[in-house]
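Structure record follows, encoded as structure tokens.
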Amino acid sequence: MSVLQRDPQDMLRVLDEGGEPVGEVPDLSDDELVTMYREMYLARHFDTRAVSLQRQGRMGTYPPLSGQEGAQVGSAFALDEEDWLFPSYREHGAALHRGLPLKRTLLYWMGHEKGNRIPEDVNMFPVAVPIATQVLHATGAAWAKKLQGEDAAVMCYFGDGATSEGDFHEGLNFAGVFDTPNVFFCNNNQWAISVPRERQTASATIAQKATAYGFEGVQVDGMDPLAVYAATRAAVEKAKDPGEDERRPTLIEAVQYRFGAHTTADDPTVYRDTDEVEEWKRKDPIPRLEQFLRNTGRLDDEKVEAIESSVKDEVAEAIEAAESEARPEPSEMFSNVFAEQTPEIRAQAEAFAELHERRGDEGFLRE
Amino acid sequence: MSVLQRDPQDMLRVLDEGGEPVGEVPDLSDDELVTMYREMYLARHFDTRAVSLQRQGRMGTYPPLSGQEGAQVGSAFALDEEDWLFPSYREHGAALHRGLPLKRTLLYWMGHEKGNRIPEDVNMFPVAVPIATQVLHATGAAWAKKLQGEDAAVMCYFGDGATSEGDFHEGLNFAGVFDTPNVFFCNNNQWAISVPRERQTASATIAQKATAYGFEGVQVDGMDPLAVYAATRAAVEKAKDPGEDERRPTLIEAVQYRFGAHTTADDPTVYRDTDEVEEWKRKDPIPRLEQFLRNTGRLDDEKVEAIESSVKDEVAEAIEAAESEARPEPSEMFSNVFAEQTPEIRAQAEAFAELHERRGDEGFLRE
Amino acid sequence: MSQSQQTQNLTLVQAVRDGLHTEMTNDDRVVVMGEDVGKNGGVFRATEGLWNEFGDDRVIDTPLAESGIAGTAIGMAAMGMRPVAEMQFSGFMYPAFDQIVSHAARLRARSRGRFTCPLVVRAPYGGGIRAPEHHSESKEAFYAHEAGLKVVIPSTPYDTKGLLISAIRDPDPVIFLEPKLIYRAFRGDVPEGDYEVPIGEAAVRREGTDVSVYTYGAMTRPTMEAAENLEEEGVSVEVVDLRTVSPMDKETIVKSFEKTGRAAVVHEAPKTGGLGAEITATLQERALLHQEAPVERIAGYDVPYPLYALEDYYLPSVARVEEGIRNAVEF
Amino acid sequence: MSQSQQTQNLTLVQAVRDGLHTEMTNDDRVVVMGEDVGKNGGVFRATEGLWNEFGDDRVIDTPLAESGIAGTAIGMAAMGMRPVAEMQFSGFMYPAFDQIVSHAARLRARSRGRFTCPLVVRAPYGGGIRAPEHHSESKEAFYAHEAGLKVVIPSTPYDTKGLLISAIRDPDPVIFLEPKLIYRAFRGDVPEGDYEVPIGEAAVRREGTDVSVYTYGAMTRPTMEAAENLEEEGVSVEVVDLRTVSPMDKETIVKSFEKTGRAAVVHEAPKTGGLGAEITATLQERALLHQEAPVERIAGYDVPYPLYALEDYYLPSVARVEEGIRNAVEF
Ligand SMILES: Cc1ncc(C[n+]2csc(CCOP(=O)(O)OP(=O)(O)O)c2C)c(N)n1
Ligand SMILES: Cc1ncc(C[n+]2csc(CCOP(=O)(O)OP(=O)(O)O)c2C)c(N)n1
Ligand SMILES: [Mg+2]
Ligand SMILES: [Mg+2]
């Protein structure tokens, strides 16, 4: 039986909190497993540095991901090269696995549109801030792949809060009707800013919402990267049509926790207990995978130290690069609105340039 | 076990197609049963006349209900005086049960806003044309009743097509979270204009969509008014909190068929087989209930004839009354926008009046 | 358009269908999607026969969900397809409003050109056909105010086909509003096959020297009729049909006004915040020194569109247009 | 406001909270609902402490669904409650757009007064706080173009509280847009307890004789600063703060213009189709004979609102406002 066919209320697990296998370990090479660990570690370290950049006024509002690395990296790992990824705004970890340079992620949160310009060789869509809107884009993209006869799965991330939006419903419903090659991946981190999961919906699980769309929903321990990988891989394969007319979308609910604030503008102590946070920290996906890798001889102190130091260098370099990026030219505001500038936009751009020339940056920048 | 607790894929029935009981006949008096029959009959006759008025150019586009009388009247019958009804645009049968004068329904489809002015003593909302939008109004109204401490259920009608809209999802999700006293009643008539039920969603039933919201969904034979009554009554009671914390909304899927066109502007022969129509006509709720009432001695030829002739008179009178209603004053356009006219609207109304005075109706009316 | 092209005599809605058919034949990235567009051929028959010819993968009946239609179409467009999404009536575009303004309009800018959105959203639009509630909207101003969208409103069968082909070929999203009052009101010559009418260019429908009247869509007809009536009274009216309301052809608009110094705008949309305001503001911005009278705004009233018993009083009529033009001339 | 009332020195966002608190105390039909408005007190703390004081039934954290919030609030309003729905940012109102324009705006008209919709939809609005994407919109023109909605945009703490109380008491739906750039930029005296600032009345913030400048919300500050700078150059600028953008106080608008004959409008919203067009059209409609120069529109550009590295270039700055006013004066 496929892992997708289990009762949506029966959560899939591979590793327990101590890193001991309690389910079937997916078939990944030693290298892959260590890379998975390294990327989770990288995501965590990146996150810590990003939060502190924001605190120092070197970056704008930023949404941290700590605690969610297992779900992000584990799931992104299950994608093949040709597959696509549609993120929300928090999937910096999944993005780095896909190959989005950390510098781009930093630039975006530093207020540069360029950060949203995904390199041509990375099959990923830009960040989606309006909640759940990307579910429809991902469905449409998968539908396009199917109509174009390309065999690619389209992964879409969203939060627990996003499941309340109409666009979540419409996207999954279209996917069910048109059998689009989608994997809908809900990062259920228990909170939508201050609103707890129980206030979001009365259904016992989010996975069971798939029933409404006539396809499978599975709940997985989102703090367990190997369980996440296993479920996602099955869903990716199913999306790519293993046999006659078996291509179907899947809804995955990865049960996890956001250790930090919703964004750097948020203070979670106002609405949740530190006890709850502590409890979830004991499920931290990083030590859990590390323990498993150590227990099975794939990782040791030396390797871990090497990873730590390479990760630190990598992040430091990215920050350095992002910070030395010049501020975009103000004229860029007027480009890329349309393929060709309209006369009105051209006139506005010219008027702006003239005034900027005359009054300089002081005529515009506020302190 | 409540009828609401059955498997959403197991359709509830009370009468078979020949009018023989195959389930528990609900506890309704003879009078009530005959009234139910009469109202279904009235709805059918009203519908026939309305369609022909449209054909004769005496009314605008009109959405017929033939085939759906059992679901409409059976469900409306299950409401108590204090309950509220939120219709879509096709529930003329449910509306007449609630006490909306037929004349109002006619006026509305004759293009008079007055038809949408529900009398003060009728607990019903105006028609909702934008699909599924009324689901949220009904949820909000039920929530208001609960917050105001009033014990009233709020019934909301919508079609199978409506279940694809985001507002359906958001409404049911709110209802589940806030335990609002709602009955969500889906008139699944198999078609959303030309789009068949299977194209609308891949879920096996619409009833099972309730799983996504954490409350019960039940499928009922919508061509069987007694089954509809039984399920709706159970849902109304549940909405009104039979015991400690048991107040919950319910989703009812009434499986039925629209015998005629979507609206008088539609030609169903373009998209569906007459065979299908014929097959469903054999399930017609009116002869079915009639047979049951005759078999159980509640109805005979004489009574049926009396009903027929009183119904004809009633509809004829309503048509007469609607057609002799004066065209609304053009100035009514400018009233009821706000409680008090704004200066701009007042100025526009005055300019209009001046021009109308000067140029007369010929200055405005197109042939 | 080459000399040798054959022409057909089509209604406006037939021209829509012909435009779709032409581009579907030319370009297999084009798909048509929406409610009832398939076997049923659209509630106005704008997609009649396309499903038979192009099949279920290119003429797609969707579930009843406008945000779903627009949002999936955006995803398709980003992946290299050319979706033409039908909204059954413009009054039912609002559930898709977020997808249209937050995403379709901004995908190119947000991604600095990495992703684009060559999407056409078509909708029957405007009043006058005694339709039910919410079926008679004209809210083009909403879309014209959102940077990143083009908004086209044709008034003749010829323009309809040519503009629709241009819209489908446009690399950016186009809102294509079809005045359903004149879907079948008259016929016009429409070339077979391929041609474009460029987006962003107005057409002078009638030359005149006393006053410029700007209009578009279904209001072009009462405006032309009023202009003819006034001609008989000795008033020479120039009628400019905008055809594209965003981006507006300000050059043509201003040029006409420089000649006449007097103007009126005619649209069905409510007066306040309608495009009449934008046109007026533009005229006084660019040509105040030519202005001899206030620009008259002949528009829908600032009230919800009434049910059909009163709609003729709501819509600008020939008489109202005449009076408005006369005010501009006699000021 | 009675003489004896105590005043507090509040920021604009505190005035929002005080207005909500006052009306929740006065009228138990008032409920506050939205995302994170409860225990969290709103992402800007506009509802801070209300949940503690009034409890879960009157300060309601909803699921994350804007159409759901607006639509259920309409149902509540129709049943005699007075919901105040918060949209977390005005850029996230679009999912609720259909409910707002198709229902809230029309319930009274559609039902000929049988049902009404005394609903307030509040949202932090506008740019300038280095917020993420989609958080800096100013699209008041969308709502102002829909008949049946009132649209309020305050610029001072005093007005904020008084207008919010008026909005809650208003028998019809009010869109209440709060300029978040000035949520905490300064403080002002705000009476304790009850008072109303009437909807539909503009305020002359500064008298002047050479030119009238119309603005509202956060743009009032750079406009005032520009006016002061120009005063030093000998230009006397009158500044009119609209406060309510729909219905507009055309009387005050026109009166000022009749005095000065020159005008500018300042708003953050994109120029094309923004309220500057409506104001300009109104001025030339009612007072063309006084007009001595084109009305300058100093507005956001017709481009998607840029990420924050460039937002200062997008928003009308003091320098741009000065230049615009000067153009109007020197024409
Ligand atoms: C349509 C919309 N409404 C509101 C917001 C404001 N907002 C940003 S994140 C958020 C909570 C999202 O919660 P969830 O979906 O669980 O994702 P998480 O942030 O927990 O990853 C809200 C309300 C938004 N971005 N978009
Ligand atoms: C938001 C919206 N989109 C489209 C329409 C046009 N329309 C009117 S009825 C209808 C089909 C409705 O189907 P269903 O919900 O099954 O109800 P039925 O008409 O079968 O009773 C459509 C698409 C509409 N009224 N509102
Ligand atoms: Mg969450
Ligand atoms: Mg149906």
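Against the test of being among the acidic types (Asp, Glu) and not assigned by TED's automatic domain parsing to the domain that holds A:Asn187, the options A:Glu20, A:Glu39 yield a single qualifying residue, A:Glu20. Checking each residue in segment A:341-364 for being in a loop (DSSP other than H, G, I, E, B) and either β-branched (Val, Ile, Thr) or exposed (fewer than 12 other Cβ atoms within 10 Å of the Cβ) (or both) picks out A:Thr342, A:Gly360. Of the residues making up segment C:298-331, those that are facing another protein chain (nearest Cβ under 7 Å) and within 23 Å of the chain's Cα centre (by Cα) are C:Tyr301, C:Asp302, C:Val303, C:Pro304, C:Pro306, C:Leu307, C:Tyr308, C:Asp312, C:Tyr313, C:Tyr314, C:Ser317, C:Arg320. When segment A:172-202 is filtered for residues that are at the interface with chain B (Cβ under 10 Å from one of its Cβ atoms) and away from ligand 3 (no atom under 15 Å from the Cβ), the ones remaining, listed by number, are A:Leu172, A:Asn173, A:Phe174, A:Ala175, A:Gly176, A:Val177, A:Phe178, A:Asp179, A:Ala202. The set of residues in segment C:210-261 that are more than 14 Å from every other protein chain (Cβ to nearest Cβ) and among the polar types (S, T, N, Q) comprises C:Ser212, C:Thr215, C:Thr220, C:Thr223, C:Ser236, C:Ser256, C:Thr260.
Looking across segment C:76-134, just one residue is in a strand (DSSP E or B), small (Gly, Ala, Ser) and closer than 22 Å to C:Tyr216 by Cα, and that is C:Ala123. Just one residue in the set B:Ala138, B:Ala128, B:Ala144 is among the hydrophobic types (A, V, I, L, M, F, W, C), in the same structural domain as B:Ala78 (by TED's automatic domain parsing) and more than 16 Å from ligand 2 (Cβ to nearest atom); that residue is B:Ala144. Considering segment A:203-228, the residues that are of a type outside the set (Ser, Thr, Tyr) and in a loop (DSSP other than H, G, I, E, B) include one that is farthest from ligand 3 (Cβ to nearest atom), namely A:Gly214.
Per-residue answers, yes or no, for (1) in a strand (DSSP E or B); (2) under 21 Å from A:Gly67 (Cα atoms):
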site: A:Ala235; (1), (2): no, no
site: A:Lys238; (1), (2): no, no
site: A:Asp241; (1), (2): no, no
site: A:Arg248; (1), (2): no, no
site: A:Glu253; (1), (2): yes, yes
site: A:His262; (1), (2): no, yes
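In segment B:101-126, the residues that are within 7 Å of another protein chain (Cβ to nearest Cβ) form Cβ pairs under 6 Å with partners that are part of a loop (DSSP other than H, G, I, E, B) and hydroxyl-bearing (Ser, Thr, Tyr), at six or more places apart or across chains, as follows: B:Asn116/D:Ser111; B:Arg117/D:Ser111; B:Pro126/D:Ser111. Against the condition within 14 Å of ligand 2 (Cβ to nearest atom), of a type in the set (S, T, N, Q), at pLDDT 95 or above and on the phi > 0 side of the Ramachandran plot, how does B:Gln200 come out, does it pass? No: the conditions fail for B:Gln200.
Listed residues D:Asp28, D:Asp36; which is under 19 Å from B:Lys145 (Cβ atoms) and assigned to a loop (DSSP other than H, G, I, E, B)? Exactly one of D:Asp28, D:Asp36 is under 19 Å from B:Lys145 (Cβ atoms) and assigned to a loop (DSSP other than H, G, I, E, B), namely D:Asp28. One residue stands out in segment B:175-194 among those that are assigned to a strand (DSSP E or B) and crowded, with 24+ Cβ neighbours inside 10 Å: the one that is farthest from ligand 4 (Cβ to nearest atom), namely B:Asn182.
Of the candidates B:Asp80, B:Asp47, B:Asp27, the single residue that is of a type outside the set (Gly, Ala, Ser) and crowded, with 20+ Cβ neighbours inside 10 Å is B:Asp47.
Residues in segment A:127-142 that are of a type in the set (A, V, I, L, M, F, W, C) and away from chain B (no Cβ under 14 Å) were compared, and the one that is farthest from B:Ala162 (Cα to Cα) is A:Val127. Being more than 17 Å from B:Val154 (Cβ to Cβ) and hydrophobic (A, V, I, L, M, F, W, C) is the filter here, so list the residues in segment B:84-126 that pass it. The answer is B:Leu96, B:Leu102, B:Leu106, B:Leu107, B:Trp109, B:Met110. Of all residue pairs spaced 6 or more apart or on separate chains, those with beta-carbon atoms under 7 Å, a first member in segment C:128-155 that is facing another protein chain (nearest Cβ under 7 Å) and a second member that is part of a loop (DSSP other than H, G, I, E, B) and of a type in the set (S, T, N, Q) are C:Ala131/B:Thr61; C:Pro132/B:Thr61; C:Ala144/D:Thr272; C:His145/D:Thr272. Taken over segment C:40-76, the criterion of being of a type outside the set (Val, Ile, Thr), in contact (Cβ under 8 Å) with a residue 24 or more places away in the chain and more than 9 Å from chain A (Cβ to nearest Cβ) is satisfied by C:Gly42, C:Phe44, C:Arg45, C:Ala46, C:Glu48, C:Gly49, C:Leu50, C:Glu53, C:Phe54, C:Asp61, C:Leu64.
Scanning segment D:69-121 for residues that are out of contact with any Leu (no Cβ under 9 Å at 6 or more places or on another chain), among the small types (Gly, Ala, Ser) and more than 20 Å from D:Lys139 (Cβ to Cβ) turns up D:Gly80, D:Ala109, D:Ser111, D:Gly113.
Is it the case that C:Gly91 is small (Gly, Ala, Ser) and either within 16 Å of ligand 2 (Cβ to nearest atom) or without any contact (Cβ under 8 Å) to a residue 40 or more places away in the chain (or both)? Considered against the rule, which asks whether it is small (Gly, Ala, Ser) and either within 16 Å of ligand 2 (Cβ to nearest atom) or without any contact (Cβ under 8 Å) to a residue 40 or more places away in the chain (or both), C:Gly91 comes out as yes.
The values are calculated or read from the model by the stated rules, or taken from the named source; none is laboratory data. Only a predicted model underlies this, so the values are computations on that prediction, with no experimental measurement involved. FYI the Cβ positions are ideal-geometry reconstructions off the backbone, even for glycines, and counts take in every protein chain you see.
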